[in-house]
Structures are given as structure tokens and as C-alpha cells.
Number of protein chains: 2
Amino acid sequence: MQLFFIAHITDNIAYLTEEEATHCVRVLRHKVGDELTFMDGKGGFYTGKLIQADPKKCALSILTSKQAYGLRSQHLHVAIAPTKNMDRLEWFVEKAVEIGVEEISLIATNRTERSVVKIERLEKIILAAAKQSVKAYLPVINPLVKLKDFLKQDFDGGKFIAHLADDHRKSFQEEIAKADKNLILIGPEGDFTLPEIESAFASHFVPVTLGASRLRTETAGMYACAVASVVK
Amino acid sequence: MQLFFIAHITDNIAYLTEEEATHCVRVLRHKVGDELTFMDGKGGFYTGKLIQADPKKCALSILTSKQAYGLRSQHLHVAIAPTKNMDRLEWFVEKAVEIGVEEISLIATNRTERSVVKIERLEKIILAAAKQSVKAYLPVINPLVKLKDFLKQDFDGGKFIAHLADDHRKSFQEEIAKADKNLILIGPEGDFTLPEIESAFASHFVPVTLGASRLRTETAGMYACAVASVVK
């Protein structure tokens, strides 16, 4: 199924984004009268008939609509240190969206070697992955902030830090079952530093382990999504 | 931790593979007397002192040894159709090893667009991922065979097929808990064909779903490993 993304809706008429309109008309060669499936990124899932097929503007008359399509009973927020190799971060983002995640934050830690991340590129990956895996919700992605500033923010629900230092850590899969809203911090290559771990503790983050394996940063982030999907 | 791979052991002396010996001496600049950690790919996990440091041959006097290091209480076998884009298959192999898998088979299905897969390259990825995630067991990888030939083989334990056709499918995470040895078939882009699904049924494979999301081939394979790791 080819799923399109709606820019906005006015009076039962939905408009594709310009980029999608071009793809729809130029590449997929859709014509007036064709029936398409589309979503609004906020849980709205629609079918509609193409009434204007212009490479710059596609308008659809809405035939059916569902709201809260695929709404999950949990809110998972993964805050992850960007990997040195951007492919690995992009891969994490794609897989997290496929498996299920509500929010992704990028955190700059002491051992993070990357100080700039182009959020627009990750937003494109999110959109492509959501369309590919037929999701009506687009996860939120937040730009890179310093860990110490991130920790100052208020968060509801369970707050966890997955670090590797030998410590008395709880099992993420047991802990995550306790709340419907959960935030997990995933460290960089080389792990969080001890002062970072301590400042997370001071902000009431609970140390957790993601299982017996030592996982790479991007694998740990994706695995947290898988655990949440399996457990909840 | 830098983990090395042993080619063979004779009388308490372990020898690195030639490739690792070169890396050990030329890149990491280890010298006689250095203490290294290494594994044999069959569950043996060792420390040893370097007694010969030659780029073609490194010999280590074994100091400590553990057997069945990290042995899992389950045997997970993922049989997967190679993706059109090799990066995605390689990515699956890397992540499966990190998360945990005992055996990987490559199956050629009707909709598989790739007829040749270089197994040596995947073996290198397996070794690198096992070393990176500190594993003493190297998963087995089997060369590409036709699905119909694969289905003729005998397998113990649970046998599952993850297909997308709308069907009465069971939950993989519930089914996998029932046996310690499990095999799951993961289809190609575009899914298994109906005759393929029926021939799997005839070979007593049970249809399963991997959850609410529509996953790409490589994500489905990796997710099956994650489910097995969480559930068992």
C-alpha cells in the first residue's frame, strides 16, 4: 500500500505536500479519479479521490476517515546520543519508527563526537518509515541539546538511563511495564561518563540494563523500542 | 574491551588467526607480555599473555579460560529471504548477532530478487559483531537455498512463518515461549507467495505475527531476535 502524507485539510478536501504531489503525479502517474490512502501524522487515516492532480498541488476529496489510527497504549520517548557515523543514527530512527516510538530526543554527552545533527534529514526518514510501515502518527523528534539541559526538563512517567557501568541496574523490561509513559536515555559509543550518570540519578533517572548483550548505541535505542513493543 | 578470535589451541597455547595477528601487532601494537582477551566462537572465553607477537602469527599462553560463556537457554534460528539491498541484509546479520541468534539461514523465495549472496562477507560481519558485543559463540550462517529445499529439511522445536497475508496468525511472542528451540521464516520484500505459505503449512510451520507494525524484511528478522531475547 502506498500511503501519502497530508499537509492540511479544508472542508473535507485534503492537500498533499508539494513533494508528495510531485511524486504522486510525476512518478506514480496518478490521475484525477484515482483513490489514494493518506495520513496526517496525528493519527488521522484517510482514503480519498483525487480531484486535482497537479505536480505542485494534489487535492483529494475525502471518502473515509479514521482518527487515532494505531494509537498505542504507551508513550515511549528515547533520548539518544548521536553516533559518530550518521548512518547508524539514521538507521536507528528508521527502525524505531517501524517498531514503534512516540518521541526521539538527541542528546549531546561528553563523549558525543558530533555537535550538529540535521534534524530535517531525520524528519524525512521518519516520514518515509511511517509511510512504509503504515503508521498514522509521526513521532516527534527534538533537536540536539546538551545532556545537562535535557535533564533539567520535566518529564512524566518512568525515567531510565541505560548505561554500561557495573552497577546495581534494574531490568528495563520489568520497569517499563509499570508506567504508560517512559523515557530512556541511551548513551554514546564509550558510554556516559560517571558524572553524567550521577547527574541523571540526581534527576531521578533509574539505571536499567537492556539485557545480557553489550549493544551498540543504535542497537540499544532500537532494542528499547522492541522491548516496549513486546512488553506493553 | 578488545576481544580477539582464536584459530586453534595446542597445549594451552592459543593462536590468533593471521588477520587478527596482523591487526594485533600492526594496528594495536601489542607486544610480547601484553595480556589479551579472546574467544573461540564455540563458547570458550579466555585471557592470555602474548608470547609471540608476529604480524603473521600471534601465540598466547592461556591464563584463564571459561567454557559455555554466555550460553543461552534457547536456540533461535532465523531463516530470512535476502533483501534486494545488501546493506539491509548485512545490517540484519550485525544486529541479530548483537541481540542474540544461534543460526541464520538464507532462503531464496519466489519474490527474492537476489540469487547470489557472498557468505564470506556475512561471516566477517558475524565475527566483527560477536567481538564487538563480547560474545564467545559465533552463530552459524547457512548459504542461500531455495525455500522448497529448505522446507524439506528436518528441524526440531517450534517452526514458524511470519507472513503478512491476512490470516489466522498466532503471536510469535506467545508461541516462542513454548519451546527452547525455534525456527522462524522471514519473507522477502513483497512477502511470501500464497503457494509458498501453503507449502510451509504442509511442512508444519505455524503462521505468526510479529506485532501490530508492518516491518521491513530486515527489521522483522531483527525484531524476532529481540522478541526471543525479551521473552526467554
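The values are calculated or read from the model by the stated rules, or taken from the named source; none is laboratory data. As the structure is a prediction and not an experimental result, all values here were calculated from the model. Note that each Cβ is placed from the backbone with ideal geometry, even for glycine, and that neighbours are counted across all protein chains shown. The accessibility values were calculated without ligands, DNA or RNA, using every heavy atom of the protein model including side chains. Shrake-Rupley method; radii C 1.70, N 1.55, O 1.52, S 1.80 Å.
General observations
- Scan the range B:114-129 for residues that are under 16 Å from B:Leu144 (Cβ atoms) and either in contact (Cβ under 8 Å) with a residue 12 or more places away in the chain or in contact with a strand residue (DSSP E or B) (Cβ under 8 Å, 6 or more places away or on another chain) (or both) and the total you get is 10.
- Members of the range A:217-230 that are facing chain B (nearest Cβ under 7 Å) and over 9 Å from A:Phe92 (Cβ atoms): A:Tyr223, A:Ala226, A:Val227, A:Ser229, A:Val230
- Any chance A:Ala129 is at pLDDT 95 or above, touching a Pro at 6+ places or on another chain (Cβ under 7 Å) and small (Gly, Ala, Ser): no
- Helices (runs of 4 or more DSSP H) wholly inside the range A:158-232 that include at least 2 residues being surrounded by fewer than 17 Cβ atoms within 10 Å (Cβ to Cβ) and aliphatic (A, V, I, L, M): A:194-202
- In the range A:41-95, counting only strands (runs of 3 or more DSSP E) that sit wholly within it, the ones holding 2 or more residues that are open to solvent by less than 20 Å² (accessible area, probe 1.4 Å) and free of Cβ contacts under 8 Å to residues at least 60 places away in the same chain span A:45-54, A:57-66.
- Within the range B:24-74, the set of residues being within 28 Å of the chain's Cα centre (by Cα) and on the phi > 0 side of the Ramachandran plot comprises B:Gly41, B:Gly43, B:Ala68, B:Gly70.
- Residue that is surrounded by the most Cβ atoms within 10 Å (Cβ to Cβ) [pool: residues in the range B:9-28 that are over 13 Å from B:Gly48 (Cα atoms) and in contact with a strand residue (DSSP E or B) (Cβ under 6 Å, 6 or more places away or on another chain)]: B:Cys24
- Contact map, the range B:156-174: first residue of a type in the set (Asp, Glu), second residue surrounded by 12 or more Cβ atoms within 10 Å (Cβ to Cβ), Cβ cut-off under 7 Å, separation 6 or more or different chains; pairs are B:Asp156/B:Lys181; B:Asp167/B:Pro207.
- Screening A:Leu151, A:Leu144 for residues that are in contact (Cβ under 8 Å) with a residue 40 or more places away in the chain and open to solvent by 30 Å² or more (accessible area, probe 1.4 Å) leaves exactly one candidate, A:Leu144.
- Residue match in the range B:179-193 (condition: free of Cβ contacts under 8 Å to residues at least 12 places away in the same chain and within 14 Å of another protein chain (Cβ to nearest Cβ)): no
- A:Ser105 vs. criteria surrounded by fewer than 22 Cβ atoms within 10 Å (Cβ to Cβ), farther than 22 Å from B:Glu94 by Cβ, more than 14 Å from chain B (Cβ to nearest Cβ) and touching a His at 6+ places or on another chain (Cβ under 9 Å): yes
- Of the residues making up the range B:27-40, those that are assigned to a strand (DSSP E or B) and of a type in the set (A, V, I, L, M) are B:Leu36, B:Met39.
- Residues of the range A:197-226 that are closer than 25 Å to A:Gln153 by Cα and β-branched (Val, Ile, Thr): A:Ile197, A:Val206, A:Val208, A:Thr209, A:Thr217.
- Each residue in the range B:117-137 was checked for being open to solvent by 20 Å² or more (accessible area, probe 1.4 Å) and either within 25 Å of B:Ile197 (Cβ to Cβ) or within 14 Å of chain A (Cβ to nearest Cβ) (or both), and 8 of them qualify.
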